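Here, each number is a calculation from the coordinates, and none is a lab measurement. Values in this document were obtained by computation on a predicted structure and should not be read as measured data. With ideal geometry, Cβ positions are generated from the backbone for all residues, glycine too; neighbour counts draw on all protein chains shown.
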Amino acid sequence: MRNLKEFIRKLYHTPALDKLIIEKEVRKVNLVRSLMLSGICVPVALVLSVTYAHGIDADTVSFIDWKKHILILNFIVGSTCSILFVLSLIAYYRPQYKRSFRHLPHVLLLVVALWGTICTIYDQAVTTSIIGFLIICVVCSLILLIKPLQLVVYLLIIYLVFGIGMSQTQQDPAILLSNLSVGFITLIICLALSTIQWRGNLRAFKQRRVIKAQKRELEENYKALLESSAQLQEVNQTKDKFFSILAHDLRGPISSTLALTELLQEGMFEEDELERKRMYKLLQTSLFTTGKLLENVLLWSRSQTGNITFQPKKIDIYETLEANISLLKIMAAQKDIQIINLASTDLSICGDEDMINTVFRNLISNAIKFTPNFGKIEIVSGKKVDDIGQEHITIAVVDYGVGMSDKTLQGLFRTDSRTATPGTNNETGTGLGLVLCKEFVQKHAGDILVESKVAEGSTFTIILPASRKS
């Protein structure tokens, strides 16, 4: 009993996926099959009409009446199938009309099935066979995909016409009962065949959808894998080039340091105090450069591996700048460079203190590096509002040093490009500090801009949100 209820529920209830398949795949297949079936029925009706019309005047009156009925029926069916064929063509080549003509297969099924049924009824005047009815019913049930519940209704209509017609044309009760029984069994078989075909096609359509989805997913994964492979190859090439640059730039200051320590060890400058102090100063500068470079390498490495955590807090811009200027005062004093902090005292952001310190320290030390002796560096601030109304704070580090060419500007913020040039006192570097500045500013949802002209100086402007959600 429970299985019967489940069967009835499934018979009346169509799942959402099945509805979607019926809407697309089933209608598409039925449209093509309707085009083929209606296209075949037109010449068949024409051939039957010509065959039955031949020699119509030479037969008896009853035979002539039978032929006339068959001719009229074939003409009506042929004309109807021609119209259905044209409509199927329109729906096939004009997708916008598919929904309007979605009932074409159902109409065609009834037309063709009733054609075979009525022909069989008329044939009872000359024969007791119902072969035509059997063939048409089986063909229709196997060619067109009709939902079983709808097919039951159509088969009942066909059998009702078949039963009424047979009772009017077949006078022998035994033959009538036999034909009605065979017709009923035929329709039951047609229903079973059509249901099997319907369920089989639905299952095939579902599997095809799954295969298409899996194929699409595989293609997307393959594409993503190719992109990842290309990116990995590019990253590896970039890192290889960067390490090559890094090794070259480390070799210089380390070799200089070793040479200076050897000279000092040999006591070359024991008698000349001024020269000895100059050597110590060079040694200090070389060690400072090497230490700064290694510090930046360590920070960059931690950034690439995700070991630097973003810990936002309220940061006072002016005080942070002052703290970093104090750290670099000795470096600036060696070149008699004046650092002027013109930043506003009432600006603050929500950011990671270590990252912001690294950015300020790198930009100011770069400005010192490329500013000539007795020069000056200015740090200015401001506010701006973007297109969506978000307020931003700008901090610009301005130097009046050697500046940069367009070619040098294009290679900034890249590890695979050797953009580092010697400072005004032959200070060395790799440009890695600017790469760190770019990454750390972007972690704050900000940006860094550069303006520079050869022999006129450079301006590095940091743009940071005035407030940031934690």
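The Thr169 and Asn221 beta-carbon pair, evaluated with R₀ = 60 Å, returns a calculated FRET efficiency of approximately 0.35.
Each Lys or Arg adds one and each Asp or Glu takes one away; over the other residues whose Cβ falls under 14 Å from the Cβ of Asp336, this sums to +4. For a quick check: with amide H placed at 1.01 Å from N, whose amide H comes under 5 Å from Gly423's, ignoring anything fewer than 5 positions away on the same chain? It is Thr428, by chain and number. At full extension, Leu409 and Asn201 could sit 68.5 nm farther apart than now, given 0.36 nm per residue minus the alpha carbon distance.
As a length-normalised measure over Cα pairs under 8 Å and 6 or more apart, the relative contact order of the range 25-147 settles at 31 percent. In a DSSP loop and with at most 10 other Cβ atoms within 10 Å, the chymotrypsin sites (Phe, Trp or Tyr not before Pro) in the range 336-404 are Phe374.
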